[in-house]
Number of protein chains: 2
Amino acid sequence: MVERLSKRGKNILQAVVSEYIATGEPVGSRTISKKHNLDLSAASIRNVMADIEEIGYLSQPHTSAGRIPTDMGLRYYVDCILTVRKLTKKEKQNIDRTYRPQNLQLIDIMKETSSLLSNFSQYTGIIIAPKFGNMIFEQIEFIKLRKNQILAVFIPKVGKVRNKIIETEEELSQDELHKFTKYLNEILSDLSLKDVRKKIINEMKKEKNMCDWLLSQALRLSQEAFSSDMDDDVFIDGKFNIFDCPEFCDMEKVKTLFRAFEEKNILVKLLDQVIQGEGIQIIIGTENQFQEMQECSIIASPYTWGENASGTLGVIGPTRMNYCDIVPMVDYTARTVSKIMDTKYQ
Amino acid sequence: MVERLSKRGKNILQAVVSEYIATGEPVGSRTISKKHNLDLSAASIRNVMADIEEIGYLSQPHTSAGRIPTDMGLRYYVDCILTVRKLTKKEKQNIDRTYRPQNLQLIDIMKETSSLLSNFSQYTGIIIAPKFGNMIFEQIEFIKLRKNQILAVFIPKVGKVRNKIIETEEELSQDELHKFTKYLNEILSDLSLKDVRKKIINEMKKEKNMCDWLLSQALRLSQEAFSSDMDDDVFIDGKFNIFDCPEFCDMEKVKTLFRAFEEKNILVKLLDQVIQGEGIQIIIGTENQFQEMQECSIIASPYTWGENASGTLGVIGPTRMNYCDIVPMVDYTARTVSKIMDTKYQ
DNA sequence: ACTTAGCACTCTTTGATGTTGAGTGCTAAA
DNA sequence: TTTAGCACTCAACATCAAAGAGTGCTAAGT
């Protein structure tokens with residue numbers, strides 16, 4: 001983002017944005033000259049505002065109203081003006097405390113985090129669990145159910161145990177299944193799920209030549225077990241906080257936004273973009289490609305676990321969010337979660 | 001419900017209710033005398049309406065408005081006036097077809113049902129999965145994870161496989177665990193989960209005397225495995241249809257209702273009352289104890305599986321629902337689901 | 001060359017006022 | 001017992017004026 005504003009322009013944009021974030025109403029020149037001691041008269045401010053509007057950073061709902069920042073304006077504000085505040089000790093402690101309890105399962109961490117994000121921000125907190133494909137293989141077990149049904153139990157190093165029922169053509173004895181698992185647990189240990197899938201395909205190619213029936217069965221089975229495109233686990237909290245935002249007083253808006261919340265894969269896609277980058281990322285209004293969400297901003301950060309970037313967390317709120325407060329909070333939360341994930345699972 | 005209305009009174013209440021259900025607006029005497037050929041003038045209808053209002057079955061939003069039925073009025077209508085219509089062949093086929101695909105897992109049946117109920121009614125469809133306690137034991141397996149961690153996998157005859165991680169004090173070998181499961185699978189086979197819990201407690205008492213270390217370990221473990229008060233599985237579909245009801249144009253109302261939807265245990269409690277009774281049950285507005293839901297009616301029916309009453313399904317909508325259409329549809333769906341559950345799992 | 005006071009102008013918001021229409025309750029006649 | 005007729009009530013709607021917030025422009029001040 002190019003620096004397109006003079007010092008004065010910045011100050012005034014800053015004032016408009018912060019006033020707008022506080023009130024949600026269009027901001028007039030008088031208000032600024034009074035509340036923000038820029039030592040300028042309303043008239044001067046008006047002139048500058050007109051300039052800024054021309055660039056496209058401000059807009060007027062109607063002729064005789066004040067200005068509100070456009071998405072572009074907010075983007076400039078976030079990139080070139082905003083200096084986030086530091087969290088107080090107390091706030092940090094509050095976040096730390098969330099993860100203090102012993103014996104938190106992954107699922108608890110997720111729930112606590114989404115609720116933390118939502119409570120702090122007073123908007124909607126969201127966290128996406130580590131990607132299935134990034135999970136590290138620890139163990140697989142096959143349990144014989146009925147004649148041609150086998151339950152595959154996949155146990156990752158971290159994360160939720162997953163079951164899958166597999167139908168087989170031939171009947172397999174539990175003994176055979178034990179052999180399978182022993183073999184698989186050996187060759188797959190410590191691989192990420194992605195690599196597991198690759199490895200299985202490679203092994204199958206090898207096996208084609210060697211023609212060991214048991215092994216090829218084992219591989220076939222494991223392929224099925226890992227084939228599923230498991231849903232991403234999304235934890236959302238505080239959906240209803242948006243009811244309290246004056247900008248969402250319109251039924252239609254709420255309706256579409258909620259449909260987006262329901263469509264979890266919209267959220268996943270949106271936040272998956274964040275996982276590529278590093279550190280806090282902010283998506284403002286129309287910057288995201290989903291119409292349903294274009295009244296919202298997302299402040300998100302990837303959190304890591306070990307070396308794999310593993311998930312994303314963040315806050316969804318109206319574009320007029322308090323970026324100054326929420327950005328450092330999301331950041332600190334992401335760091336804390338990363339730390340916890342590391343220590344919990346060596 | 002006592003018969004408190006004359007034939008004429010009934011006809012007029014019937015007219016008011018059906019008109020109100022159709023339009024959602026207060027109904028005036030003129031409208032009735034015109035549209036429903038009762039061969040009475042508006043003036044006569046007015047007189048009767050005043051009588052009905054006195055009993056408490058109708059009310060006026062304000063002096064110069066028409067009448068709307070009260071919850072009591074709707075209750076009388078449902079009990080003493082309503083004759084439900086029969087489903088057409090096509091509608092029945094539509095419902096049947098939902099369950100035709102082979103290889104539907106329980107979870108699919110649930111999803112399809114909630115969506116079916118919602119689509120047909122244009123309101124919110126809901127189904128509660130068979131109670132955990134009513135599930136029939138088929139198999140349990142213990143898998144050793146790490147030193148003192150064991151994964152218990154519980155496989156019911158019907159329903160979702162469930163995992164639970166158990167921490168133990170002593171380390172147990174996989175061999176020992178095999179012995180445990182063999183023993184447990186024998187003594188628990190075909191019991192309902194409730195009975196399983198009882199049986200385990202009984203066996204533990206016996207064991208205290210016999211002092212077989214392995215057995216008592218096995219029992220302790222299984223007790224832990226079955227201790228969890230698993231969440232009820234609630235499947236809801238079409239939450240957002242209520243946005244389209246004119247009576248929910250008020251933000252506050254939507255807000256509270258949605259909070260109730262979120263609090264799944266409100267829904268569970270509400271529908272659990274239905275499981276006691278037999279056949280279709282209708283809960284109108286303030287008849288339910290939850291304030292959040294007192295603008296809604298619930299049309300629900302238990303569905304069975306084998307001999308155990310096992311779950312509930314139904315439709316949640318505004319009190320001015322089309323009872324005449326939705327009641328038979330919920331009924332038929334409940335019967336169909338029961339049938340499917342029976343045939344799928346002998 | 002900036003800055004700013006002053007002013008005319010625009011446009012929303014608010015409240016007051018009147019009108020319309022749906023619906024009621026009562027009365028008296030059929 | 002029914003119903004036509006009539007006076008009355010009240011929400012909903014439209015119209016209008018006044019207030020207020022804010023702008024843009026101009027001309028004078030620094």
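The values are calculated or read from the model by the stated rules, or taken from the named source; none is laboratory data. These numbers come from a predicted model, not from an experiment. Glycine also receives a Cβ, built like all others from the backbone with ideal geometry; neighbour counts cover every protein chain displayed. Heads up: the accessible areas ignore ligands, DNA and RNA and are worked out on the full protein's heavy atoms, side chains in. Shrake-Rupley method; radii C 1.70, N 1.55, O 1.52, S 1.80 Å.
Output the residue which, of all residues in region B:9-61 that are in a loop (DSSP other than H, G, I, E, B), open to solvent by 20 Å² or more (accessible area, probe 1.4 Å) and within 19 Å of B:Thr83 (Cβ to Cβ), is nearest to DNA strand D (Cβ to nearest atom).
So the residue we want is B:Leu38.
With respect to A:Lys182, determine if the residue is open to solvent by 10 Å² or more (accessible area, probe 1.4 Å) and within 18 Å of B:Val153 (Cα to Cα).
No: the conditions fail for A:Lys182.
Just a yes or no: is a residue in region B:5-16 more than 14 Å from chain A (Cβ to nearest Cβ), among the basic types (Lys, Arg) and away from DNA strand C (no atom under 16 Å from the Cβ)?
Yes, because at least one residue in region B:5-16 is more than 14 Å from chain A (Cβ to nearest Cβ), among the basic types (Lys, Arg) and away from DNA strand C (no atom under 16 Å from the Cβ).
Provide a single number: the residues in region A:62-84 that are closer than 15 Å to A:Ala15 by Cβ and more than 10 Å from DNA strand D (Cβ to nearest atom).
Residues meeting the conditions: 10.
Looking only at region B:251-288, how many residues end up being closer than 20 Å to B:Tyr76 by Cα, open to solvent by less than 20 Å² (accessible area, probe 1.4 Å) and modelled with pLDDT of 90 or more?
Counting residues in region B:251-288 that are closer than 20 Å to B:Tyr76 by Cα, open to solvent by less than 20 Å² (accessible area, probe 1.4 Å) and modelled with pLDDT of 90 or more gives 3.
Would you tally the residues in region A:221-265 being closer than 29 Å to A:Ile109 by Cβ and outside any helix (DSSP H, G or I)?
Selection size over region A:221-265: 13.
Mind checking which residues of region A:235-294 are more than 14 Å from chain B (Cβ to nearest Cβ) and small (Gly, Ala, Ser)?
If the condition is that a residue be more than 14 Å from chain B (Cβ to nearest Cβ) and small (Gly, Ala, Ser), then A:Gly277, A:Gly279, A:Gly285 are the ones that fit.
Can you tell me which condition B:Lys160 does not meet? The list is (1) away from chain A (no Cβ under 14 Å); (2) closer than 23 Å to A:Val161 by Cβ; (3) at pLDDT below 85, and all the others hold.
Every condition holds for B:Lys160 apart from (1).
Does region B:1-30 hold any residues that are modelled with pLDDT under 95 and among the β-branched types (Val, Ile, Thr), and which are they?
Listed by number, the residues that qualify are B:Val2, B:Thr23.
Against the condition at negative phi and at pLDDT 95 or above, how does B:Phe120 come out, does it pass?
When the stated conditions are applied, B:Phe120 passes them.
What do you reckon, is B:Ile326 within 19 Å of B:Phe261 (Cβ to Cβ) and in a strand (DSSP E or B)?
When the stated conditions are applied, B:Ile326 does not pass them.
Before we move on, is B:Ile68 within 16 Å of DNA strand C (Cβ to nearest atom), modelled with pLDDT of 95 or more and more than 14 Å from chain A (Cβ to nearest Cβ)?
Here the answer is yes, as B:Ile68 does meet what is asked.
For A:Pro101, which of the numbered conditions (1) surrounded by 13 or more Cβ atoms within 10 Å (Cβ to Cβ); (2) more than 16 Å from DNA strand C (Cβ to nearest atom) fails to hold?
The one condition A:Pro101 does not meet is (1).
Identify the single condition in (1) touching a residue at least 24 places away in the same chain (Cβ under 8 Å); (2) within 14 Å of another protein chain (Cβ to nearest Cβ); (3) β-branched (Val, Ile, Thr) that A:Val153 does not satisfy, given that it satisfies every other one.
A:Val153 satisfies every listed condition except (1).
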